[in-house]
Amino acid sequence: MADGRSDDARHWQRIIGLWVVTSAVADCLYYFLAGPHIPPGTMSNTADGAQFDFNVLIIAALPVILAVWIYMGYAIVNWRASREGPEPVGGPRARSNVPIQTTWIVFTTVLVMFLFGFGTYELVQPGGAGGGEGPSPIWTPASHDVLPIQVIGQQWKWTYRYPTFGGFETTDLVVPDNTAVAFHVTSLDVIHDFWVYQLGVKADANPGQDNVAYTTPQQLGSFVVRCDELCGLWHGAMYDYGKVVTPAQFQAWATSTERQLAANTKFLPPFAWTYTPDANGADGGLYPDNEDPYSPVEIYGAKQPGEPLPSTKK
Amino acid sequence: MPKAGRLATTLALLIAVIGGVVFAISNLTWQPTTVAFTAGPGQPVNVTLQTVGAYGSGIHPTWVSYMLRTPDGRWEHTTMWQVPAHTRVNVTIYQYDSGSPLRNQQIGMVQGTIGGVATLNGKTFSVINANVGNGVGHTFSMPSLGINVPLYGNNANANLCSAAPCTTASPNNVIRFSFWSPGPGTYPWQCFVPCALGFLYGNGGPMQTVGWMDGFMKVVA
């Protein structure tokens with residue numbers, strides 16, 4: 001019996017030693033080689049957060065995977081039935097091993113509870129995690145200087161209204177670097193989904209709903225906007241490109257675009273959180289949804305279409 | 001049941017199943033004809049379309065539709081056409097349908113055309129206020145190229161054409177514009193006005209069917 005315990009201790013020392021070393025190596029290799037390249041990148045604080053979360057999950061998962069593989073491999077090599085030996089018939093250790101089971105249950109329970117707590121914290125940190133938070137967001141950015149951009153989905157394209165720049169509507173999505181942005185996502189017809197992969201933003205576009213998602217871009221460059229909700233014949237063609245520019249470039253673009261589109265902006269409906277399309281088929285009137293009136297003046301200090309062009313953002 | 005009766009029933013069922021499969025496959029694989037336009041070096045291609053409020057015949061006589069005129073002058077019920085790459089495309093659209101306010105006035109703007117303008121019955125315009133007059137009936141839009149042209153509606157009380165192909169004897173608006181074809185590829189185009197009368201929010205039926213209010217422009221080298 002004493003020999004059996006000694007054998008057990010030796011096996012466990014080997015298994016645990018192998019597991020600790022390979023886990024440390026695998027985690028380090030992953031963190032330094034793959035970690036910086038894990039989607040969705042670091043173009044915004046929300047994308048950065050998502051990348052960090054993925055990395056934590058994978059670093060936590062790798063030792064678990066390795067524990068299973070190493071134990072299985074070790075068992076196959078050391079405890080397999082030999083050709084000359086008797087058929088394995090099991091025994092007390094095959095039926096139950098309380099220390100192993102207890103260790104496994106405690107270890108995985110602690111890990112899962114940690115991931116639950118970690119994931120919840122990451123979800124509710126200031127500004128949320130880039131997901132749509134509905135019309136009354138709980139997790140708002142720490143910054144009070146938030147740029148609102150309304151995202152309007154319709155079959156099959158996205159348009160964007162900038163309420164703090166006279167409410168102009170354009171097919172170009174341009175956002176400033178290092179500025180908190182509030183995407184107010186809605187739809188004029190069916191359900192779409194506003195997915196800006198590189199910015200780590202994803203929010204359903206529901207008709208009659210204002211779904212708010214926050215992000216703060218932190219790198220200049222271009223990104224892709226896709227619809228991620230099957231929405232009809234050309235759902236697959238419902239994508240376009242946006243870009244992150246410097247605040248000065250954004251200011252210049254916004255004021256210039258406001259001026260260029262002024263001839264059409266004056267015909268747009270008053271800015272509203274949501275719009276109620278006429279349900280009579282071919283009659284296409286678009287009206288602000290009176291159930292949720294919007295005052296960009298009160299909330300963002302915006303002017304209304306038709307007022308003089310601003311020289312600067314509020 | 002006598003043996004002959006069972007045999008006849010089995011054969012009838014078999015024929016019905018085979019017929020159903022053939023019908024389904026032929027419908028699923030059907031697509032409108034692609035009309036090819038060619039041009040000599042440095043020459044433009046001229047594409048002519050029309051919109052009709054109700055096609056008037058076939059399996060969907062009440063559906064709104066685009067039609068395309070072939071180079072030899074025939075009206076074809078298709079929205080698929082092919083042009084050479086990097087060529088000026090001159091588009092003429094005979095708009096025979098009525099109009100309405102737009103669900104999204106953003107598409108009341110002309111965008112992506114040469115000069116950023118189009119002409120309506122010979123008069124240049126860049127924006128249509130859909131809230132006044134006859135409103136906008138349809139648009140010609142190719143989002144991937146940034147092209148959007150609103151088509152001013154006809155007076156709904158006029159005796160509008162209701163059977164394709166329409167002729168200029170019916171009330172119509174003529175919209176012209178030009179754009180440069182891009183490199184080789186397939187580019188979807190569509191009407192952005194939810195104009196499918198009888199469908200919820202106007203978005204079903206012809207708005208979801210290639211050959212009616214959606215189509216492809218194929219660009220070849």
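The values are calculated or read from the model by the stated rules, or taken from the named source; none is laboratory data. Remember, it's a predicted structure, so these values are computed and weren't measured experimentally. Cβ coordinates were reconstructed from backbone atoms using ideal geometry, including for glycine residues, and neighbour counts include every protein chain displayed.
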Meets criteria (in a loop (DSSP other than H, G, I, E, B) and within 20 Å of residue B:207 (Cβ to Cβ)) for residue B:162:
yes
Qualifying positions in the stretch B:159-185 - free of Cβ contacts under 8 Å to residues at least 40 places away in the same chain and more than 14 Å from every other protein chain (Cβ to nearest Cβ)
B:159, B:167, B:169
Hey, any hits in the stretch B:185-193 for a residue that's touching a His at 6+ places or on another chain (Cβ under 7 Å), among the hydrophobic types (A, V, I, L, M, F, W, C) and either under 20 Å from residue A:263 (Cα atoms) or crowded, with 24+ Cβ neighbours inside 10 Å (or both)?
yes
Anything in the stretch A:26-55 that is of a type in the set (A, V, I, L, M, F, W, C) and assigned to a helix (DSSP H, G or I)? List them, or say none.
A:26, A:28, A:29, A:32, A:33, A:34, A:47, A:50, A:52, A:54
Flag if residue B:26 is touching a Gly at 6+ places or on another chain (Cβ under 7 Å), free of Cβ contacts under 8 Å to residues at least 60 places away in the same chain and surrounded by fewer than 20 Cβ atoms within 10 Å (Cβ to Cβ):
no
Checked against (1) among the hydroxyl-bearing types (Ser, Thr, Tyr); (2) over 27 Å from residue A:120 (Cβ atoms); (3) at pLDDT below 95, residue A:46 satisfies every condition except (2)
Quick check on my filter: what residues within the stretch B:13-67 are farther than 22 Å from residue B:186 by Cα, assigned to a loop (DSSP other than H, G, I, E, B) and among the aliphatic types (A, V, I, L, M)?
B:54, B:59, B:64
In the stretch A:266-274, is there at least one residue being over 22 Å from residue A:127 (Cβ atoms), at pLDDT below 95, within 11 Å of another protein chain (Cβ to nearest Cβ) and touching a Cys at 6+ places or on another chain (Cβ under 8 Å)?
no
Taking the stretch A:8-43 and keeping only residues that are closer than 22 Å to residue A:56 by Cα, touching a helix residue (DSSP H, G or I) at 6+ places or on another chain (Cβ under 8 Å) and of a type in the set (Val, Ile, Thr), one is left with A:22, A:38, A:42
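Residues are listed down the side, and each one gets a yes or a no for (1) part of a loop (DSSP other than H, G, I, E, B); (2) away from chain A (no Cβ under 14 Å); (3) not aromatic (Phe, Trp, Tyr):
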| site | (1), (2), (3) |
| --- | --- |
| B:94 | no, yes, no |
| B:102 | yes, no, yes |
| B:107 | no, no, yes |
| B:131 | yes, no, yes |
| B:134 | yes, no, yes |
Please state which of the following conditions residue B:177 fails to meet, knowing it meets all the rest: (1) in a strand (DSSP E or B); (2) under 30 Å from residue A:207 (Cβ atoms).
(2)
If a residue must be at positive phi, in contact with a Pro (Cβ under 9 Å, 6 or more places away or on another chain) and more than 7 Å from chain A (Cβ to nearest Cβ), how many such residues does the stretch B:186-221 contain?
1
Considering only residues that are within 10 Å of chain A (Cβ to nearest Cβ) and either buried (at least 17 other Cβ atoms within 10 Å of the Cβ) or within 20 Å of the chain's Cα centre (by Cα) (or both), which ones fall in the stretch B:109-125?
B:109, B:110, B:111, B:112
Looking at the stretch B:29-58, which of the residues that are at pLDDT below 90 and of a type in the set (S, T, N, Q) is surrounded by the fewest Cβ atoms within 10 Å (Cβ to Cβ)?
B:29
Do you know which residues across the stretch B:180-221 are assigned to a loop (DSSP other than H, G, I, E, B) and more than 18 Å from residue B:102 (Cβ to Cβ)?
B:181, B:182, B:183, B:184, B:198, B:204, B:209, B:211, B:212, B:221
Selection within the stretch A:138-150 - in contact with a Phe, Trp or Tyr (Cβ under 7 Å, 6 or more places away or on another chain) and within 19 Å of residue A:271 (Cβ to Cβ)
A:148, A:149, A:150
Taking the conditions exactly as written (buried (at least 20 other Cβ atoms within 10 Å of the Cβ) and away from chain B (no Cβ under 14 Å)), does residue A:211 satisfy them or not?
yes
Please state which of the following conditions residue A:157 fails to meet, knowing it meets all the rest: (1) touching a residue at least 24 places away in the same chain (Cβ under 8 Å); (2) away from every other protein chain (no Cβ under 14 Å).
(2)
Given B:92, B:139, which one is at pLDDT 95 or above and in contact with a Lys or Arg (Cβ under 7 Å, 6 or more places away or on another chain)?
B:92
